[in-house]
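A.B. asks: I am attaching a structure below and will ask some questions about it afterwards.
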Amino acid sequence: MRLTISLPNEKVFIKDYDAPVVVEDLVKEYQSEADHTIVACRVKYRNAHFLEEINEDCEVDLLDMQNPYGNMAYQASLTLLYLTAIRDVVGENTKVTIANSLSKGVFTKIKTGNITDELAATIEKRMKELVEADLPISERRIEKEEILTFLEGFGSSEELRLFKSADDLRHAFLCDLNGSQSLFYVHVVPRTSYIKLFEVRRYRNGVLLRFPHISDPDYVPAYQEQKALYEAFSEETHWENLMGVSMVADLNEKIKDGSVKELIMISEALHEKKIAEIAEMIKESGKRIVLIAGPSSSGKTTFAKRLSIQLRVIGLKPLYLGTDDYFVNRCDMTPDEEGNMDFESLDAVDLKLFTEQMNDLLAGKQVDIPEFDFIQGKKIFGKRITNIDPSQPIVIEGIHGLNPKMTTGIADELKFKIYISPLTQINIDRHHRIPTTDARMLRRLVRDNRTRGRDAARTIADWPSVRAGEEKYIFPYNSEADVFFNSQCLYELAVLKKSAKPLLEAIPKENPMYSEAQRLSKFLDFFASIEDDSIILNNSIIREFIGGSIVV
């Protein structure tokens with residue numbers, strides 16, 4: 001039997017083995033050749049468990065935490081370790097909620113007495129003891145009938161309602177660590193010794209479970225408080241309470257009983273209310289440069305134009321601009337060592353012209369604002385000659401809006417900064433959150449196919465480079481924001497499902513993107529589908545992706 005073993009650092013080994021071979025034996029054999037700890041695997045482009053036996057010629061990919069699936073497998077394994085430690089420290093029936101991402105980790109809630117630093121330290125100590133003991137973690141795939149039986153006896157009501165309300169959700173992995181059992185939807189590692197990197201610390205009324213970032217899998221990053229982000233999550237929790245939806249089962253039940261139309265209307269009304277509040281904040285501040293930034297598929301364009309409308313409602317007449325129009329002419333850009341142009345770098349923006357024109361506009365001078373022609377690769381002048389009066393704000397949307405270097409030549413007291421992203425979604429259940437990166441990926445996948453004719457495989461293949469650009473150019477500056485806007489639509493994944501799932505399922509098994517497509521397709525199985533999107537307002541942020549927007 002001939003196996004082709006690929007490592008994340010692009011090293012490839014081809015070797016003959018006597019069948020069968022257990023994947024974990026390959027991990028042990030090739031770990032020294034890898035740059036980081038191997039935590040997951042693919043066999044023939046299919047996500048697999050370390051204890052799977054291989055009996056035929058095939059390709060095996062060994063994955064570390066820099067791989068999206070490897071990252072999720074580590075987080076799932078760490079969650080099981082965390083839940084087991086809490087059971088041992090606090091009590092067997094203690095309720096734990098994995099709430100949302102925060103400070104390079106996840107914010108969790110433990111239903112117990114007062115959360116103290118001592119409690120967090122004791123939980124971390126117990127986790128380390130379990131890791132040191134190198135305990136086995138069993139994993140068994142179980143189908144829906146057995147899942148329902150298990151949940152009726154041992155599971156939470158949210159999980160039981162989820163499986164009853166999600167018709168397409170047919171299996172899960174029942175995992176056991178030291179007698180602590182939980183359901184997961186990605187493979188976990190086979191032993192606790194794989195889960196060495198984490199940190200547990202008290203934060204406000206909960207506990208932060210922190211772990212290595214996908215960009216650096218060897219270290220838990222230094223702690224940085226994200227107060228504004230925490231407050232945005234708290235506001236989202238309030239919104240969820242208003243709508244009676246905090247778990248996917250709640251959404252599915254509303255879709256099935258026909259009450260989802262009201263949910264959509266309330267969700268959109270809350271967005272409009274928040275945008276109106278931000279407009280009032282801008283007016284009261286007297287600031288005239290409104291900078292809007294956020295990662296890919298966050299809904300920046302729709303938000304910026306809806307904000308402009310709200311500013312007009314309260315008597316202001318904003319000028320809307322996009323920083324893309326200030327790109328450096330392609331012929332003047334310097335390619336990297338491989339001959340590629342980095343269009344996401346701040347160096348791709350003509351900062352001199354941008355700063356000069358913003359200051360001229362603020363001074364009441366007439367300005368010839370460029371339009372960037374992406375086909376010719378250059379700025380075109382003469383189409384947008386304008387000036388503004390002293391009461392008019394300038395609304396500027398672009399990925400570098402919060403980077404101080406973007407507006408270093410403009411007085412700080414004139415700037416109002418907004419960070420926009422689908423910051424959080426409802427939870428799948430108490431122990432499984434919805435990664436916002438998956439929500440944004442599905443938005444982009446649907447929009448790319450609709451507007452550019454791209455297939456899902458290409459969007460998935462491009463996503464790591466998109467994420468790398470966000471980590472470098474966007475996320476480090478979100479703390480600069482005066483206000484956060486959570487652009488998630490509570491119902492959106494149920495709407496995206498009908499368009500995204502066929503695109504994902506069209507990717508053939510031999511395509512390298514197949515395993516990630518299957519993961520995303522199975523992720524959509526959690527949701528009942530909203531087939532009729534005519535009930536969604538035509539200025540909704542989600543319309544930017546599914547089509548039918550009157551704003552973009």
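A.B. asks: Using the Cα gyration tensor of the range 104-195, with a ≥ b ≥ c the square roots of its eigenvalues, what is the shape: rounded (a/c below 1.5), prolate (a/b larger than b/c) or oblate (neither)?
C.D. replies: Details: a/c = 2.40, a/b = 1.47, b/c = 1.63.
Oblate shape, in that a/c is at least 1.5 and b/c is the bigger or equal ratio.
A.B. asks: Which ordering of Leu81, Leu229, Leu208 is given by a fewest-first count of other beta-carbon atoms within 10 Å? Mind dumping the intermediate values first?
C.D. replies: On the way: Leu81 27, Leu229 23, Leu208 20.
Starting with the residue having the fewest Cβ neighbours, the order is Leu208, Leu229, Leu81.
A.B. asks: Also: Among rounded, prolate and oblate, which fits the range 254-332 when a ≥ b ≥ c are the square roots of the eigenvalues of its C-alpha gyration tensor, a/c under 1.5 means rounded, and a/b larger than b/c means prolate? Present the calculation step by step, with values, prior to reporting the outcome.
C.D. replies: On the way: a/c = 3.43, a/b = 1.48, b/c = 2.31.
The shape class here is oblate.
A.B. asks: Decide, for the range 298-342, between rounded, prolate and oblate: order the square roots of the alpha carbon gyration tensor eigenvalues as a ≥ b ≥ c, take rounded if a/c falls under 1.5, and otherwise choose prolate if a/b is larger than b/c, else oblate.
C.D. replies: Values: a/c = 7.68, a/b = 2.94, b/c = 2.61.
The shape class here is prolate.
A.B. asks: I would also like to ask the following. Report the extension gain between Val313 and Lys227 in nm, rounded to one decimal, defined as 0.36 nm multiplied by the number of residues separating them, less their alpha carbon distance. Spell out each step's value before the answer.
C.D. replies: Values: separation 86, 0.36 × 86 = 30.96 nm, distance 3.06 nm.
Gain on extension, Val313 to Lys227, equals 27.9 nm.
A.B. asks: For every helix of n ≥ 4 consecutive DSSP H residues, a contribution of -39,500 (n - 2.57) applies; sum these over the chain, divide by its total residues, and give [θ] at 222 nm rounded to the nearest 500 deg cm²/dmol.
C.D. replies: Numbers: 15 runs with 209 residues, N = 552.
Helices in the chain give a 222 nm mean residue ellipticity of -12000 deg cm²/dmol.
A.B. asks: Could you calculate the contour length gain from Asn114 to Met281, that is, 0.36 nm times the residue separation minus the distance between their Cα atoms, to one decimal place in nm? Spell out each step's value before the answer.
C.D. replies: On the way: separation 167, 0.36 × 167 = 60.12 nm, distance 3.61 nm.
In short, 56.5 nm is gained.
A.B. asks: On a 0 to 90 degree scale, rounded to 10, what angle separates helix 351-362 from the longest Cα axis of the chain?
C.D. replies: Tilt of helix 351-362: around 50 degrees.
A.B. asks: Could you please tell me the mean projected area of the C-alpha convex hull for the range 2-64, averaged over all directions and given in square nanometres to one decimal?
C.D. replies: On the way: hull surface 14.2 nm².
Projected area, direction-averaged: 3.5 nm².
A.B. asks: Sticking with this one: Might you report the magnitude of the Cβ-based charge dipole of the range 131-290 about its Cα centre, with Lys and Arg at +1 and Asp and Glu at -1, to the nearest 20 debye? Don't skip to the end; give the middle numbers.
C.D. replies: Details: 21 positive and 29 negative charges, 83 e Å.
Using Cβ point charges on Lys, Arg, Asp and Glu, the range 131-290 gives about 400 debye.
A.B. asks: How far is helix 260-285 tilted, in degrees, relative to the longest principal axis of the Cα atoms in the chain, given as a value from 0 to 90 rounded to the nearest 10?
C.D. replies: Taking the Cα atoms of the chain, the angle to 260-285 is about 50 degrees.
A.B. asks: Defining a contact as two alpha carbons under 8 Å apart and six or more residues distant in sequence, what relative contact order in percent does the range 69-210 show?
C.D. replies: Details: 211 pairs, mean separation 49.1, N = 142.
This gives 35 percent for the range 69-210.
A.B. asks: Treating only the Cβ of Lys, Arg, Asp and Glu as charged (+1, +1, -1, -1), what charge dipole size does the chain show about its Cα centre? Round to the nearest 20 debye.
C.D. replies: Numbers: 70 positive and 87 negative charges, 318 e Å.
It works out to roughly 1520 debye.
A.B. asks: Please give the Cα centre distance for the range 35-105 versus the range 479-552, rounded to the nearest Å.
C.D. replies: Distance between centres, Cα-based: 25 Å.
A.B. asks: Calculated FRET efficiency, Arg384 and Arg330, Cβ-Cβ r, R0 30 Å, to nearest 0.05?
C.D. replies: 0.90
A.B. asks: May I ask you to derive the FRET efficiency for Asp257 and Leu148 from their Cβ-Cβ distance with R0 = 22 Å, giving the value to the nearest 0.05? List each step's numbers first, then the result.
C.D. replies: Values: r = 20 Å, r/R0 = 0.92.
E between Asp257 and Leu148, to the nearest 0.05, is 0.60.
A.B. asks: Going by C-beta contacts inside 10 Å, put Phe354, Phe13, Phe107 in order with the fewest on the left. Don't skip to the end; give the middle numbers.
C.D. replies: Numbers: Phe354 22, Phe13 15, Phe107 25.
Fewest-to-most Cβ neighbours within 10 Å comes out as Phe13, Phe354, Phe107.
A.B. asks: Please report the Cα spread of the range 138-180 along all three principal axes, rounded to whole Å, starting with the longest.
C.D. replies: Principal extents (largest minus smallest coordinate, Cα): 31, 18, 13 Å.
A.B. asks: What does the highest-first list of 455-465, 369-379 look like by mean Cβ count within 10 Å?
C.D. replies: Details: 455-465: 17.8, 369-379: 14.4.
Highest-to-lowest ranking by the protection proxy: 455-465, 369-379.
A.B. asks: Okay, moving on. Using a 7 Å offset from the Cα along the Cα-to-Cβ direction at both Glu33 and Asp532, what is the distance between the two label points in nm, to one decimal?
C.D. replies: Modelled inter-label distance: 5.8 nm.
A.B. asks: Another question, if that's okay. At each listed q (0.12, 0.22, 0.23 Å⁻¹), what is the log10 of I(q)/I(0) that the Debye formula gives for the range 337-415 modelled as equal alpha-carbon point scatterers?
C.D. replies: These q points yield log10 I(q)/I(0) values of -0.41, -1.22, -1.29.
A.B. asks: Counting other beta carbons within 10 Å of each residue's own, what order do Cys489, Cys58, Cys175, Cys331 fall into, fewest first?
C.D. replies: On the way: Cys489 26, Cys58 15, Cys175 20, Cys331 8.
Going from sparsest to densest Cβ surroundings: Cys331, Cys58, Cys175, Cys489.
A.B. asks: Right, another one. Sort largest first and round to whole Å: the equivalent ellipsoid semi-axes of the range 449-508, each the square root of five times a Cα gyration tensor eigenvalue. Show your work: numbers first, answer last.
C.D. replies: On the way: eigenvalues 152, 65, 14 Å².
Result for the range 449-508: semi-axes of 28, 18, 8 Å.
A.B. asks: Output the relative contact order of the chain, whole-number percent, from Cα pairs under 8 angstrom with separation of 6+ residues.
C.D. replies: Details: 984 pairs, mean separation 81.7, N = 552.
Rounded, it is 15 percent for the chain.
A.B. asks: Report, for the chain, the % of DSSP beta bridges that are antiparallel, rounded to 5.
C.D. replies: Numbers: 49 of 71 bridges.
For the chain, the DSSP antiparallel bridge percentage is about 70.
A.B. asks: Another one. If amide hydrogens are placed 1.01 Å from N in the peptide plane, which non-local residues have theirs closer than 5 Å to the one on Ala40?
C.D. replies: Leu63
A.B. asks: Among the listed pairs Lys254/Lys501; Lys317/Lys352; Lys352/Lys405; Lys274/Lys383; Lys164/Lys261; Lys104/Lys283, which have their C-alpha atoms separated by more than 23 angstrom in this model?
C.D. replies: On the way: Lys254/Lys501 21 Å; Lys317/Lys352 26 Å; Lys352/Lys405 11 Å; Lys274/Lys383 34 Å; Lys164/Lys261 21 Å; Lys104/Lys283 34 Å.
In this structure, Lys317/Lys352; Lys274/Lys383; Lys104/Lys283 lie more than 23 Å apart at Cα.
A.B. asks: Give, in whole angstrom and from largest to smallest, the semi-axes √(5λ) of the equivalent ellipsoid of the range 427-552, with λ running over the eigenvalues of the Cα gyration tensor.
C.D. replies: Values: eigenvalues 99, 80, 53 Å².
That gives 22, 20, 16 Å for the three semi-axes.
A.B. asks: Positive end of the dipole of the chain, charges at C-beta (+1 Lys, Arg; -1 Asp, Glu), about the Cα centre: which of Val89, Gly206, Cys41 has its Cα farthest in that direction?
C.D. replies: Gly206
A.B. asks: Next up: If the only charges are +1 at each Lys and Arg Cβ and -1 at each Asp and Glu Cβ, what is the size of the charge dipole of the range 2-64 around the Cα centre, to the nearest 20 debye? Kindly include the intermediate steps, with their values, before the conclusion.
C.D. replies: Numbers: 7 positive and 15 negative charges, 28 e Å.
Roughly 140 debye, rounded to the nearest 20.
A.B. asks: For the charge dipole of the chain, defined by +1 on Lys and Arg C-beta atoms and -1 on Asp and Glu C-beta atoms about the Cα centroid, which residue among Leu445, Gln366, Phe150 has the Cα displaced farthest towards the positive pole?
C.D. replies: It is Gln366.
A.B. asks: On a 0 to 90 degree scale, rounded to 10, what angle separates helix 300-313 from the longest Cα axis of the chain?
C.D. replies: 40
Bear in mind that the values in this text are calculations on the coordinates, not laboratory data. Fair warning: this is a prediction, and the values are worked out from it, not measured in the lab. Quick reminder, even Gly has a Cβ in these numbers, built from the backbone with ideal geometry, and neighbours come from all protein chains shown.
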